[in-house]
Amino acid sequence: LWRVSRWVSTYVLGLSRSQCARSDGHTRCVMVSTIAPSILSPPPYLLQPSGIGLFSVASFIGIVVAYPVAGPLTDSLSRALRRRYHSETHNPEDRLPALIVPFIVAPPGLLLLGYIFHEQRSVYIAAVGFAMHVSGLVLVPSSVLSVVVDGWPASGSEALVLINAGKNAIAFGLTLST
């Protein structure tokens with residue numbers, strides 16, 4: 001399914017690699033939200049709809065944890081790289097190394113979520129994995145979108161619209177197909 005979503009996003013919708021990274025992350029988040037009820041309703045979890053709704057609160061907690069960090073992390077790293085390499089000019093690409101943090105946080109969270117569901121362990125640990133994944137998703141746009149706006153100010157607004165439209169089209173297609 002990951003390969004299909006990557007193929008559709010790259011060849012059918014014509015999205016760039018950064019858009020595919022964002023859309024794949026959002027696709028995974030939509031997939032977890034879609035399949036969580038079918039995993040958490042039967043034994044061994046036996047969660048009621050209210051419990052499944054509380055599991056979804058993990059994504060909100062991930063957003064609340066990462067949101068205050070996202071912008072300042074990107075800006076401080078950009079300032080540090082500007083001071084270190086070229087103090088007189090600002091390069092939008094100096095914001096890209098901030099992508100290391102979500103690539104360290106999000107995949108282990110998704111792996112933790114899958115492992116816990118596979119081993120039928122505590123739903124709370126699975127919620128921590130889901131929160132980690134969503135935290136990574138909050139950190140990616142702060143880096144990528146700021147590079148787009150800084151690097152191409154004349155066409156930045158159109159690029160933001162296309163990036164978000166592509167991401168949402170893929171998420172919509174996934175939810176429509178399930």
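The values are calculated or read from the model by the stated rules, or taken from the named source; none is laboratory data. The structure displayed is predicted, hence computed values, not measured ones. Note: ideal-geometry Cβ built from the backbone for every residue, glycine included; neighbour counts use all protein chains shown. The accessibility values were calculated without ligands, DNA or RNA, using every heavy atom of the protein model including side chains. Shrake-Rupley method; radii C 1.70, N 1.55, O 1.52, S 1.80 Å.
Restricting to region 99-120, what's the tally of residues that are within 14 Å of residue 47 (Cβ to Cβ) and either hydroxyl-bearing (Ser, Thr, Tyr) or open to solvent by 50 Å² or more (accessible area, probe 1.4 Å) (or both)?
Within region 99-120, residues that are within 14 Å of residue 47 (Cβ to Cβ) and either hydroxyl-bearing (Ser, Thr, Tyr) or open to solvent by 50 Å² or more (accessible area, probe 1.4 Å) (or both) number 1.
Can you go through 65, 123, 57 and tell me which one is open to solvent by less than 50 Å² (accessible area, probe 1.4 Å) and modelled with pLDDT of 90 or more?
123
Could you tell me how many of the residues in region 169-178 are in contact (Cβ under 8 Å) with a residue 40 or more places away in the chain and open to solvent by 50 Å² or more (accessible area, probe 1.4 Å)?
Matching residues across region 169-178 total 2.
Name the residue that is farthest from residue 176 (Cα to Cα), counting only residues in region 36-54 that are open to solvent by 60 Å² or more (accessible area, probe 1.4 Å) and touching a helix residue (DSSP H, G or I) at 6+ places or on another chain (Cβ under 9 Å).
Per the stated criteria, the residue is 46.
Hey, any hits in region 96-115 for a residue that's modelled with pLDDT of 85 or more, of a type in the set (Gly, Ala, Ser) and out of contact with any helix residue (DSSP H, G or I) (no Cβ under 9 Å at 6 or more places or on another chain)?
no
Can we say residue 134 is assigned to a helix (DSSP H, G or I), among the hydrophobic types (A, V, I, L, M, F, W, C), open to solvent by 60 Å² or more (accessible area, probe 1.4 Å) and at pLDDT 90 or above?
In short, no.
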